[in-house]
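The values are calculated or read from the model by the stated rules, or taken from the named source; none is laboratory data. Note that the structure is predicted; figures quoted are calculated from it, not measured. Here the Cβ is made from the backbone with ideal geometry for all residues, glycine too, and neighbour counts use every protein chain on show. Ligands, DNA and RNA are excluded from the accessible area calculation, which covers all protein heavy atoms including side chains. Shrake-Rupley method; radii C 1.70, N 1.55, O 1.52, S 1.80 Å.
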Amino acid sequence: VTGDFHISTQMVGADTSDFYPALEDVEAGKAITRGWSKTARRLHDDFEVSVAMVPGKRCLGGMLELLLHCHYVVAVDDARFGFPEVTLPVVPGMEGCHWPLRRAPEEDRRRVLQILLTGRPVKAEDAVGWLIDYAGPLDDALKTAWSVASSGGEGLTLRPLEEGPLGPFGEPEDLPEADSPAMDAARRAIVACAQAAGGVSLAESLAIQADLAAAFLAGPTCLKGAVGAEYTKTTKI
């Protein structure tokens, strides 16, 4: 799974206009977040081996959430990964609040929370082992992705997916101060979503994560943020 190699410098999420129906209708939000997550889970559940290939400069937001559902994530070494949702603010709507935590070693879960709660990207080479599985020059990354896909997963160690409840975890100790009250509210919502969705089994987590993400979309903080402002400007005339 990858993007167009001709325009691969940036792989991002949905157009923010896709959120518009959810800003005033929580049920519309649930339809979006549940549908997106069910589609993403197919990359993990419906294939013997799935490999995400990130050939460009950055992979952010919804696209990162989607690709993290693959069994393996391969990237060029100068790619950057991040969750900018906290700055919009929205709660990641495709299981970003718990799926990466379920794939990360327990000692690295705070690193996942760090990028979720700051919106700051991490370099591919620094994300190997807890967010992605390989980083290298383009030619080597392509060879690795093809080799793993064609061999049935040989060549890289599969990071396990925790299907039971996760153990307790807290916010990173060195978390910088939020840039705004909206970002602070989004942080609290993301942590609450991670704790709730991560506190149950994988089978139970989809509905919990989707409902919490949808509730935030329909709340006042999101409506006053960047997505809400664009919605107001373009549709509330």
Hits in region 77-102 (condition: open to solvent by 10 Å² or more (accessible area, probe 1.4 Å), part of a helix (DSSP H, G or I) and of a type outside the set (V, I, T))
P84, E85
Restricting attention to region 37-57, the residues that are under 30 Å from T232 (Cα atoms) and in contact (Cβ under 8 Å) with a residue 60 or more places away in the chain number exactly 2
Does R111 qualify as being crowded, with 16+ Cβ neighbours inside 10 Å and part of a helix (DSSP H, G or I)?
yes
Flagged in region 17-48 as open to solvent by 50 Å² or more (accessible area, probe 1.4 Å) and touching a helix residue (DSSP H, G or I) at 6+ places or on another chain (Cβ under 6 Å), in numbering order, are P21, V26, K30, R34
Sort out for me the helices (runs of 4 or more DSSP H) sitting completely within region 182-237 that have 3 or more residues that are of a type in the set (D, E, K, R) and open to solvent by less than 30 Å² (accessible area, probe 1.4 Å).
none
So which of E125, E163 is open to solvent by 10 Å² or more (accessible area, probe 1.4 Å) and part of a loop (DSSP other than H, G, I, E, B)?
E163
Which numbered condition in (1) open to solvent by less than 10 Å² (accessible area, probe 1.4 Å); (2) among the aliphatic types (A, V, I, L, M); (3) touching a helix residue (DSSP H, G or I) at 6+ places or on another chain (Cβ under 8 Å) is the only one that L64 fails?
(3)
